Amino acid sequence: MQGATAAAGAAANTSQGLDVAKLRADFPILLRTINGHPLVYFDSAASSQKPTHVIQTLTDYYERHHANVHRGMHTLAAEATDMYEAVRRKAARFIGGVDPSTVIFTRNATEAINLVAYSWGEQNISAGDEILISVMEHHANIVPWVRLCEKTGATLKTIPLDENYGLDLSDIDTLINKNTKLVALTRMSNALGTINNLAPIFKKAHAVGAVTLVDAAQSAPHMPTDVQELDCDFLALSGHKALGPTGAGILYGKAELLDNMPPFLGGGEMIELVTFEKVTYNHVPHKFEAGTPAIADVVGFGAALDYLMELGMENIREHEKEITAYALDKLSQFEWLKIYGPADVDKRGAAVSFTVEGAHPHDIAQYLDSYGFAVRAGHHCAQPLMKALGVTATTRASFYIYNTLSEVDSMCEALAEARDFFKV
Ligand code: PMP
């Protein structure tokens, strides 16, 4: 396959807002070759690559500033604490300008959702209550609720898919009822790319007194986030999908909810007074950050937020709409390829799932890898969704700020070749 090497190397500037050719130089990993071909990284929905700014921030933190946070009386401890707490303020700005004390650092979106399930859930959910999620949720927004239902006797309800890979809201007034205590939904599906319009659903949830949670793991790295506009009570995201290091994510929660919730984990940092008989707790957010946090990763996440905010989340969204529209157009010309996800780029993000007639999604991913393309294949941690789609797996190409139209061209060439290779 000729095209991949030449075209993937030439990073076209694909959109007005982002200088893609320039920003690609910030990502050292893009210089790698894989199986003799330039890396084309189409797996950012699983985890994004990291710009030099983030990598250097990590190094600088460890080389010059590291100490444990909050409890030290020395200069380094104060510096590390300042750096760590500065990221809390940055993250608060990134999600729409909230009070920084409502931002809790977690390892990732999974831990953020589990925190709500264990802490808020065990205090507020009991037999007869209902929790509403959707068929397109990632396991991170399914398993904690299944477990909570098992423990409490509550019931898990699901919003089905409509024919355009969106949420079918025809029964929403039955699904949200006086028993509904929590509505937890993804803003962007990792497997379909669908962007859900959550505010009207949350309005109904609030009308019956239910609490709302947004899984923003996929949306937050790719489009503006404003928790006030979303009208959510909780929001979870992972830094590693948004140019940050692994090990740092956030949970946002409304102050009155967080204040009333019991701690999730117990240990150092989260206490006020400890005796063998009784423990009193630190105030929010520290009540939820037991033990030594991932200080360096949080500091690195702050550098990633700076980088994203400098590019502008609107510009990022526009770039991804352009590349996704281009990919959907090209892929839909293959009559042997089926796309799972909305056709309208206004209703979707940049994760494009597909199957190729006559070839297993894993074989397609491996074939692409032999030409340097990193794509994902499998159930994408969304087994109930796969069941609803009637497939066991798909191949997924997901785009981010550093991807170009010419990379999409090369993948399409490689896919056509793969189709010929696997055709019986
Ligand atoms: N929700 C969605 C929609 C996701 O795509 C992911 C990651 N694939 C998660 C939650 C969980 O993220 P993490 O593994 O970083 O906790």
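Out of the residues in the stretch 308-321 that are over 16 Å from Ile95 (Cβ atoms) and in contact (Cβ under 8 Å) with a residue 60 or more places away in the chain, state the one that is nearest to the chain's Cα centre (by Cα).
Step one: of the stretch 308-321, the residues over 16 Å from Ile95 (Cβ atoms) are 310-311, 315, 318-321.
Okay, now just the ones that are also in contact (Cβ under 8 Å) with a residue 60 or more places away in the chain, so 311, 315, 318-320.
Numbers: Leu311: 19, Asn315: 18, Glu318: 18, His319: 18, Glu320: 15 Å.
Per the criteria, the residue is Glu320.
Conditions tested, residue by residue: (1) among the hydroxyl-bearing types (Ser, Thr, Tyr); (2) touching an Asp or Glu at 6+ places or on another chain (Cβ under 8 Å); (3) in a helix (DSSP H, G or I); (4) within 16 Å of Thr186 (Cβ to Cβ).
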| site | (1), (2), (3), (4) |
| --- | --- |
| Gly209 | no, no, no, no |
| Leu213 | no, yes, no, yes |
| Gln218 | no, no, no, yes |
| His222 | no, yes, no, yes |
| Gln228 | no, no, yes, no |
| Cys232 | no, no, no, yes |
| Ala236 | no, yes, no, yes |
| His240 | no, no, yes, no |
| Pro245 | no, yes, no, no |
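Looking at Ala290, Ala303, can you tell me which residue is part of a loop (DSSP other than H, G, I, E, B), of a type in the set (A, V, I, L, M, F, W, C), touching a residue at least 12 places away in the same chain (Cβ under 8 Å) and in contact with a Gly (Cβ under 8 Å, 6 or more places away or on another chain)?
Numbers: Ala303 fails: part of a loop (DSSP other than H, G, I, E, B).
Among Ala290, Ala303, only Ala290 is part of a loop (DSSP other than H, G, I, E, B), of a type in the set (A, V, I, L, M, F, W, C), touching a residue at least 12 places away in the same chain (Cβ under 8 Å) and in contact with a Gly (Cβ under 8 Å, 6 or more places away or on another chain).
Counting the residues of the stretch 58-102 that are β-branched (Val, Ile, Thr) and within 22 Å of the chain's Cα centre (by Cα) gives 4.
Being within 24 Å of Met188 (Cβ to Cβ) and among the basic types (Lys, Arg) is a condition met by no residue of the stretch 407-424.
Name the residues in the stretch 74-91 that are surrounded by 15 or more Cβ atoms within 10 Å (Cβ to Cβ) and either within 15 Å of the ligand (Cβ to nearest atom) or in contact (Cβ under 8 Å) with a residue 24 or more places away in the chain (or both), would you? Hits for the stretch 74-91 are Ala80, Met83, Tyr84, Val87, Arg88, Lys90, Ala91. Residue count for the stretch 265-276 satisfying the condition of being surrounded by 14 or more Cβ atoms within 10 Å (Cβ to Cβ) and touching a strand residue (DSSP E or B) at 6+ places or on another chain (Cβ under 9 Å): 2. Would the stretch 404-423 turn up any residue that is under 20 Å from the mean Cα position of the chain (by Cα) and either surrounded by 20 or more Cβ atoms within 10 Å (Cβ to Cβ) or not hydroxyl-bearing (Ser, Thr, Tyr) (or both)? No, because not a single residue in the stretch 404-423 is under 20 Å from the mean Cα position of the chain (by Cα) and either surrounded by 20 or more Cβ atoms within 10 Å (Cβ to Cβ) or not hydroxyl-bearing (Ser, Thr, Tyr) (or both). Listed by first and then second residue, the pairs linking a residue in the stretch 110-131 that is among the β-branched types (Val, Ile, Thr) to a residue that is in a helix (DSSP H, G or I) and within 16 Å of the ligand (Cβ to nearest atom), with Cβ atoms under 8 Å apart and 6 or more places separating them unless they lie on different chains, are Thr110/Ala140; Ile113/Ala140; Ile113/Asn141; Ile113/Pro144; Val116/Pro144; Ile131/Trp145. Residue-level analysis places Leu251 among those that are assigned to a strand (DSSP E or B), under 19 Å from Met188 (Cβ atoms) and touching a residue at least 24 places away in the same chain (Cβ under 8 Å).
In the stretch 268-281, the residues that are on the phi > 0 side of the Ramachandran plot reach residues that are aliphatic (A, V, I, L, M) and in a loop (DSSP other than H, G, I, E, B) with C-beta atoms within less than 9 angstrom, at least six apart or across chains, in these pairs: Glu269/Val69; Glu269/Ala290.
Highlighted here would be helices (runs of 4 or more DSSP H) found entirely within the stretch 93-198 that include at least 3 residues which are of a type in the set (Val, Ile, Thr) and away from the ligand (no atom under 16 Å from the Cβ), but there are none. Considering the conditions (1) in a helix (DSSP H, G or I); (2) within 15 Å of the ligand (Cβ to nearest atom); (3) basic (Lys, Arg), Lys387 is excluded by exactly one of them, (2).
Here, each number is a calculation from the coordinates, and none is a lab measurement. All values reported here derive from a predicted model rather than from experimental measurement. All Cβ positions, glycine included, derive from the backbone under ideal geometry; neighbour counts span all protein chains shown.
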